[in-house]
Amino acid sequence: MITIKTKEDIEILREGGRHLASIFEALAKEVRPGTSTKEIDKMAFDLIKKAGGKPAFLNYKPEGVARPYPASVCTSIDDEVVHGIPSEKRILKEGEILSLDIGLLYKGLFTDMAVTVPVGEIDSTASRLLRVTERALMMGTSEARPGHTVGDIGAAIENYVKREKFTLNKVLAGHGVGYALHEDPYIPNFGKRGEGVVLKPGMVIALEPMVNEGEAEVYLADDGYTFLTKDGKRSAHFEHTVFVTEKEPEILTSAI
């Protein structure tokens, strides 16, 4: 069911979103060669608690998955598209790219955000992949207006990524967010203009393009969570929680 948030809800989501953006700023500064993804997860947990929130992913059990997610942040490296599980054995290396994805439960409401950051110096293709993915998120966000459709968002993202000669998987997508971590509507990163759910003021959605360097196909690892590119090439992920207002879309997960 698609939900419409109240003014009071939006104020809480703004506050939670600002906290989440600040957490990402702090985490990004700690991403360097030699750091383990488990250390990143510990930092995320501590920062979330300090902000007065709870890690929404920790012990979250999606339908059809055998065990709850065991961490506060998803840490996906290079060809890991999303939902990588932090580990003491995963040590960051120079030249890698690391996607960080966090859900925050704050005062009873959820926000969701992801960024992909370089580990030290990265090559020019990886740099362009990050720029294009972040830009694709902004292209999709610009379509989050009343009267526009989910298809408008997907088409804006898809057309831009295709022009840049990268690809989008057809498995993973954005979603509604706020009262729950995942709500309706389902928001693919592809589509046709004018098709799908019509956006209305008060809706809150998480938009999250995942852009592949090579082919679009992905597969699920044996851990039941981590999606990887089938061809082993890199993937980047950016996400914001977005409020559909009466006029311009508002990114809730942005720092002041």
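Structure summary
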quantity: The chain: most fluctuating residue of E96, E121, E143 per GNM, C-alpha cutoff 10 Å; calculated: E121
quantity: For the stretch 22-76: rounded, prolate or oblate by the Cα gyration tensor [a/c cutoff 1.5]; calculated: oblate
quantity: Alpha carbon centroid spacing (whole Å) that separates the stretch 145-199 from the stretch 95-123; calculated: 20
quantity: Two-decimal log10 I(q)/I(0) for the chain, as the Debye equation yields it once each C-alpha is a single scatterer, q = 0.07, 0.11, 0.15 Å⁻¹; calculated: -0.21, -0.53, -1.04
quantity: Relative contact order (percent, whole number), the stretch 7-251, Cα cutoff 8 Å, 6+ residue spacing; calculated: 21
quantity: Net +/- balance of residues flanking E195 in space, Cβ distance below 15 Å, scoring K and R +1, D and E -1; calculated: -1
quantity: In Å, descending, principal axis extents of the Cα set of the stretch 1-134; calculated: 45, 33, 30
quantity: Residue with peak Gaussian network fluctuation, the chain [Cα springs, cutoff 10 Å], from G140, G214, G174; calculated: G214
quantity: Ellipsoid equivalent to the stretch 123-184 - semi-axes via the Cα gyration tensor, in Å; calculated: 23, 14, 11
quantity: Theoretical ellipticity at 222 nm over the chain - DSSP helices of four or more residues, -39500 (n - 2.57) apiece, nearest 500; calculated: -9000 deg cm²/dmol
quantity: Within a Gaussian network of the chain (alpha carbon springs, distance under 10 Å), most fluctuating of L181, L104, L13; calculated: L181
quantity: Square roots of five times the Cα gyration tensor eigenvalues for the stretch 167-238, Å; calculated: 25, 15, 9
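Rule-based calculations on the coordinates, nothing more; no lab input. As the structure is a computational prediction, the values presented were derived from the model and not from experiment. Every residue, glycine as well, gets a Cβ built from its backbone with ideal geometry; the counts of neighbours run over all protein chains shown.
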